[in-house]
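Contents: one structure, followed by commentary.
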Amino acid sequence: MPIEIRQASTADEPAITEIRHETWLTAYAQIIDPAIIEQVTAPGRPANAAPRPDRTNLVAVAPLASVIVGYASYGPERSVAAAASVGSGVQPGALTAAGLAGETGELYTLYVTPAHWSTGVGRALTDAALDGLRAAGYRRVVLWTLTENARARRFYDKAGFAPDGAINILDGLGSAEELRYVRDL
């Protein structure tokens, strides 16, 4: 059954926050200390999905239950320092020259409830985000994923992304390492 992908609204924030919390607990349990996960994703803490002029937020809604089962956000490419601030409570903002010029976009977030993994929800959200970036004129897209997150890395490989060798250490997440992926649009 097709998943509905639509623009997120402020009313979706509680569901987005819960999806982020649940997904981090499941996906990152062996990578990031669970106490850190609880601290940065606790319900009531914003999931960086609040409307911003340079960010587009999407949600995936399961058709029968009308429940949000995933979300993604995208916009212009951020500097490494801004990308690393996600999850630390620091508001990202600094953009790269290619992001400012509208040449390189970034898939900021992609989270799907574990119950909906491998059902096509992540792919539908990714496709919608890439279509949005393409329509905005971007020619290339980057994303950051934890180096040890083998499941996500396989997903991004299948979606046509490839690591470009850039890494970043997330001090606020217990020195977890993330790897940049890139693909042309």
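The values are calculated or read from the model by the stated rules, or taken from the named source; none is laboratory data. The model shown is predicted, which means the values in this text are computed figures rather than measured ones. Reconstructed Cβ throughout: ideal geometry from the backbone, glycine too, with neighbour counts over all protein chains shown.
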message = Please go through segment 45-81 and give me each residue that is buried (at least 19 other Cβ atoms within 10 Å of the Cβ) and either at pLDDT below 85 or polar (S, T, N, Q) (or both), ordered by number.
response = A47, N48, A49, T56, N57, S73
query = Within segment 129-175, which residues are small (G, A, S), at pLDDT below 95 and buried (at least 16 other Cβ atoms within 10 Å of the Cβ)?
reply = G172
message = What are the pairs with Cβ atoms under 7 angstrom where one residue, in segment 158-184, is closer than 18 Å to R123 by Cβ and the other, located anywhere, is of a type outside the set (D, E, K, R) and assigned to a helix (DSSP H, G or I)? Sequence gap at least six, or different chains.
response = A159/T126; Y181/Y156
query = Pairs under 8 Å by beta carbon, first residue without any contact (Cβ under 8 Å) to a residue 12 or more places away in the chain and small (G, A, S) in segment 6-32, partner in a helix (DSSP H, G or I) and crowded, with 20+ Cβ neighbours inside 10 Å, six or more apart or different chains?
reply = A29/I37
ask   = Inside segment 127-155, can you point out the residues that are small (G, A, S) and in a loop (DSSP other than H, G, I, E, B)?
value = A136, G137
Pair list, Cβ < 6 Å and 6+ apart or interchain, from segment 114-139 residues that are under 26 Å from A98 (Cβ atoms) to residues that are charged (D, E, K, R) and modelled with pLDDT of 95 or more = R139/E103
ask   = Scanning segment 134-185 for residues that are within 29 Å of Q39 (Cα to Cα) and of a type in the set (V, I, T), which turns out nearest to the chain's Cα centre (by Cα)?
value = T145
